[in-house]
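For reference, the structure discussed in these notes is given below.
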Amino acid sequence: MIMFSLQVLLIAILAGIVGSILGLGGGIIVTPALTLLFGVSIEHAIGASIISVIATSSGSAIAYIRDRITNLRVGMFLEIATTIGAITGAFIGGLIAPNLLYIIFGLLLVYSAINMIKKKKGDHQEAVEMHPAAAKLKLGGSYYDKAVEQQISYNVGNVYGGFGVMYGAGIVSGLLGIGSGSFKVMAMDVFMKLPLKVSTATSNFMMGVTAAASAGVYLLRGSIDPHIAGPVALGVLAGATIGAQIMQRMKSKTIRMIFIPVLLYIALQMIYQGMGLDK
């Protein structure tokens with residue numbers, strides 16, 4: 001049992017580092033690692049994954065908020081869309097085929113990955129006109145980029161497009177119980193044209209709020225095993241704290257190069273599952 005806990009702890013530290021850098025939470029590594037490497041049931045793996053998301057958010061959000069990289073206004077604004085979407089998803093669960101949603105959102109992620117590949121901006125934000133709604137809500141901001149050693153100011157565009165994507169992501173989360181970190185980063189980076197570092201930092205902050213809301217449900221279901229969730233929480237928390245420091249010293253171009261393959265992997269996985277659910 002001690003050896004098992006140590007192995008899970010090491011995997012969780014890696015998950016925390018990756019999740020913190022990319023704004024995806026640790027679940028993308030924790031769930032497959034627990035099920036494939038350790039033979040943990042999918043229910044307990046998902047329960048531990050929820051805990052890992054909260055731990056990732058807690059570990060990295062402190063550093064990102066302290067250094068003013070997280071855009072709290074954008075995060076709370078988009079959280080409204082996610083919450084409404086999740087409630088909608090719960091209500092229409094019996095009306096829409098889940099496999100169709102998997103395919104639609106998988107294709108949307110592929111589209112976003114292609115757009116990211118086309119971007120040439122590197123560490124500097126392309127010229128973005130401030131959206132009228134963003135100006136009213138004061139969503140624009142600035143942060144100090146340690147990688148390029150300068151203050152980066154940015155505007156926010158296409159607020160409605162980003163809000164719509166987040167609403168759809170909420171529906172998918174409510175229907176299928178999947179995390180939406182990739183959609184959060186995509187909505188902010190591709191649609192609202194935020195700098196990638198701001199997108200990942202804000203995504204980390206938002207995921208903690210979303211995951212905390214659903215953790216109670218998983219706890220009541222008995223899906224959270226303390227022997228698994230304990231090492232996961234500790235490892236991910238440590239990894240996320242390390243990842244937050246690493247991310248700030250990485251160039252946005254490097255983060256994008258790591259993020260795109262991960263995004264394509266998630267997209268193909270969603271499409272595959274969507275095509276296979278009705279078989």
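The values are calculated or read from the model by the stated rules, or taken from the named source; none is laboratory data. Everything numeric here is computed off the predicted structure, so don't read it as measured data. Using ideal geometry, Cβ is built from the backbone for each residue, glycine included, and neighbour counts are taken over all protein chains shown. For accessibility, only protein heavy atoms count, side chains too; no ligands or nucleic acids. Shrake-Rupley method; radii C 1.70, N 1.55, O 1.52, S 1.80 Å.
Taking the criterion of being closer than 22 Å to Asn204 by Cα, among the hydroxyl-bearing types (Ser, Thr, Tyr) and without any contact (Cβ under 8 Å) to a residue 40 or more places away in the chain, would at least one residue in region 27-42 satisfy it?
Yes, some residue in region 27-42 is closer than 22 Å to Asn204 by Cα, among the hydroxyl-bearing types (Ser, Thr, Tyr) and without any contact (Cβ under 8 Å) to a residue 40 or more places away in the chain.
Yes/no matrix, rows are residues, columns are (1) modelled with pLDDT of 90 or more; (2) surrounded by fewer than 24 Cβ atoms within 10 Å (Cβ to Cβ); (3) of a type in the set (D, E, K, R):
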position: Leu194; (1), (2), (3): yes, no, no
position: Val209; (1), (2), (3): no, yes, no
position: Gly235; (1), (2), (3): yes, no, no
position: Ile242; (1), (2), (3): yes, yes, no
position: Arg249; (1), (2), (3): no, yes, yes
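Among the residues of region 43-68, which ones are closer than 26 Å to Leu137 by Cβ and over 16 Å from the mean Cα position of the chain (by Cα)?
Ile62, Ala63, Ile65, Arg66, Asp67, Arg68
List, please: which pairs have Cβ atoms under 8 Å, are six or more places apart or on different chains, and start with a residue in region 255-271 that is under 9 Å from Ala113 (Cβ atoms) and end with one that is surrounded by fewer than 19 Cβ atoms within 10 Å (Cβ to Cβ) and among the β-branched types (Val, Ile, Thr)?
Ile260/Ile117; Leu264/Val110; Ala267/Val110
As an exercise: evaluate Ala212 against (1) out of contact with any Ser or Thr (no Cβ under 9 Å at 6 or more places or on another chain); (2) in a helix (DSSP H, G or I) and give the number of the one condition it does not meet.
Status for Ala212: all satisfied but (1).
Looking only at residues that are in a loop (DSSP other than H, G, I, E, B) and either in contact with a Gly (Cβ under 9 Å, 6 or more places away or on another chain) or at pLDDT 90 or above (or both) in region 149-177, which one is farthest from Thr210 (Cα to Cα)? Step through it out loud before you land on a result.
The first filter runs over region 149-177 and keeps only residues in a loop (DSSP other than H, G, I, E, B), leaving 149, 155-158, 177.
Narrowing the set further to residues that are either in contact with a Gly (Cβ under 9 Å, 6 or more places away or on another chain) or at pLDDT 90 or above (or both) leaves 155-158.
Values: Asn155: 25, Val156: 23, Gly157: 24, Asn158: 23 Å.
Once the filter is applied, the top-ranked residue is Asn155.
Take the conditions free of Cβ contacts under 8 Å to residues at least 40 places away in the same chain and in contact with a Leu (Cβ under 7 Å, 6 or more places away or on another chain) and apply them to Ile2. Does it pass?
no
List the number of the failed condition for Lys193; all other conditions in (1) on the phi < 0 side of the Ramachandran plot; (2) touching a strand residue (DSSP E or B) at 6+ places or on another chain (Cβ under 9 Å) hold.
(1)
Which residue, of Ile228, Ile224, Ile246, is more than 15 Å from Gly47 (Cβ to Cβ) and among the β-branched types (Val, Ile, Thr)?
Only one candidate qualifies: Ile246.
Under the condition of being part of a loop (DSSP other than H, G, I, E, B) and out of contact with any Phe, Trp or Tyr (no Cβ under 8 Å at 6 or more places or on another chain), which residue from region 47-104 is most open to solvent (accessible area, probe 1.4 Å)?
Let us first name the residues in region 47-104 that are part of a loop (DSSP other than H, G, I, E, B), namely 67-71, 92-97.
Still in the list and also out of contact with any Phe, Trp or Tyr (no Cβ under 8 Å at 6 or more places or on another chain): 71, 92-97.
Details: Asn71: 14, Ile92: 38, Gly93: 34, Gly94: 82, Leu95: 144, Ile96: 60, Ala97: 46 Å².
Only one residue tops the list, namely Leu95.
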